[in-house]
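Please treat every number below as a calculation from the coordinates, not as lab data. All of these numbers come straight from a predicted model, not from anything done at the bench. Note that we place each Cβ from the backbone using ideal geometry, even for glycine, and neighbour counts take in every protein chain shown.
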Amino acid sequence: MKKNLFVINLFLACFILFACESKRSAKSIAQKWCDLNAKVYKAPDGGPEYAAAKEALDKYEKDMEAKYEKDEAFMKEIEKEVNKCEDASEGR
């Protein structure tokens, strides 16, 4: 009986952790995008650092779009947050 309760509690804990992580805040998503965008703008054009940074940014954008594409309101919120930090990430 104790073993069954432990397994059930472990399952519930994992479920709660995954449920909470499944949708991050728009602000945290935008901040990561801006951090990746800053790496692209700081890397020398045409160099390997630029290519790696650009690839990481493109992959992150595709992943987030695929994950949240059906939630238009959330995507607009992400876009609004990105607009707040985009200029700073590009050094403007």
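In nm, to one decimal, how far is the residue 72 label point from the residue 55 one, both placed 7 Å along Cα→Cβ?
3.6
I need the peptides 64-70, 49-55 ranked by packing, meaning the mean over residues of other C-beta atoms within 10 angstrom, with the highest value on top.
Values: 64-70: 12.6, 49-55: 14.6.
Ranking the peptides 64-70, 49-55 by packing returns 49-55, 64-70.
Sequence-distant or interchain residues sharing an amide H contact under 5 Å with residue 43, placed H: which?
Correct list: empty.
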